[in-house]
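Here is the structure we will look at.
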Amino acid sequence: MLKKAPAWVLFLGVVAPLAAVADDSVARFKGGIGVDPVSSGVGTAATATVVNRNIVRGVQPPGQVWRIADLVADVKADGSIKVRGRGLLLAGGNGIGGNANAHVFATLICEAAAPFVEHSTAAAGVPLEANGDFRIDDVLDSTPPNPCASPVLLIRNAANRAWFAAGVPKLGDDD
């Protein structure tokens, strides 16, 4: 029995750290929401003459509607982030169905109320493929709080920093 004890100790010494590493996410996202730059119209007339822009935690929307087919993201406690997006394309205007030759980067915001702290990947971004697919493997410019109390992940335009899409927070172990 004593000869087997060191094997169990070794086993636990290897498995326990792996379990800790596997569970060091501060935020996960599964699914994406494309941007509608206008959140509402103001006034009682049949046609609104004033609109409220769809500003999310201080970040401006673009001037046109965008859609995203899918998004999966994982943000680790050390600030490393992996994002996989599919089908981020214009959903209106003359360029509908195109990627507008855009480059995108990701921003995580953990505060539900101002002041908001942005934790972003490299602002130069990664190019959208013709079909709107993209991959971001980067480290955020600052380490996010752990826990991230109210996570919002925005996919943003490198040219003007407007947000194109948002991740849907993944709660618990749901797939």
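The single condition from (1) more than 21 Å from Val56 (Cβ to Cβ); (2) not in a loop (DSSP other than H, G, I, E, B) that Ile81 fails is (1).
Yes/no matrix, rows are residues, columns are (1) surrounded by 16 or more Cβ atoms within 10 Å (Cβ to Cβ); (2) of a type in the set (Phe, Trp, Tyr); (3) in contact (Cβ under 8 Å) with a residue 60 or more places away in the chain; (4) closer than 19 Å to Gly34 by Cβ:
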{"residue": "Ile109", "(1), (2), (3), (4)": "yes, no, no, yes"}
{"residue": "His119", "(1), (2), (3), (4)": "yes, no, no, no"}
{"residue": "Pro151", "(1), (2), (3), (4)": "yes, no, yes, yes"}
{"residue": "Arg161", "(1), (2), (3), (4)": "yes, no, yes, yes"}
{"residue": "Ala166", "(1), (2), (3), (4)": "yes, no, yes, yes"}
{"residue": "Pro169", "(1), (2), (3), (4)": "yes, no, yes, yes"}
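Note on the range 52-107: among residues that are surrounded by fewer than 21 Cβ atoms within 10 Å (Cβ to Cβ), among the aliphatic types (A, V, I, L, M) and out of contact with any Leu (no Cβ under 9 Å at 6 or more places or on another chain), the one that is nearest to Ala27 (Cα to Cα) is Ala77.
Just one residue in the set Ala114, Ala48, Ala123 is touching a Phe, Trp or Tyr at 6+ places or on another chain (Cβ under 8 Å) and either outside any loop (DSSP other than H, G, I, E, B) or more than 19 Å from Val168 (Cα to Cα) (or both); that residue is Ala123. Residues in the range 51-71 that are under 18 Å from Val152 (Cβ atoms), part of a loop (DSSP other than H, G, I, E, B) and either without any contact (Cβ under 8 Å) to a residue 40 or more places away in the chain or not basic (Lys, Arg) (or both): Asn54, Ile55, Gly58, Gln60, Pro61, Pro62, Ile68. Taking the conditions (1) part of a loop (DSSP other than H, G, I, E, B); (2) under 16 Å from Gln60 (Cβ atoms) in turn, Pro147 satisfies each one other than (2).
One residue stands out among those in the range 161-175 that are in a loop (DSSP other than H, G, I, E, B) and in contact with a Gly (Cβ under 9 Å, 6 or more places away or on another chain): the one that is modelled with the lowest pLDDT, which is Lys170. Among the residues of the range 87-103, is any assigned to a strand (DSSP E or B) and over 20 Å from Arg161 (Cα atoms)? Scanning the range 87-103 turns up no residue that is assigned to a strand (DSSP E or B) and over 20 Å from Arg161 (Cα atoms).
Of the listed requirements (1) in contact with an Asp or Glu (Cβ under 6 Å, 6 or more places away or on another chain); (2) modelled with pLDDT under 95, Arg53 misses just one: (1).
The values are calculated or read from the model by the stated rules, or taken from the named source; none is laboratory data. Fair warning: this is a prediction, and the values are worked out from it, not measured in the lab. FYI the Cβ positions are ideal-geometry reconstructions off the backbone, even for glycines, and counts take in every protein chain you see.
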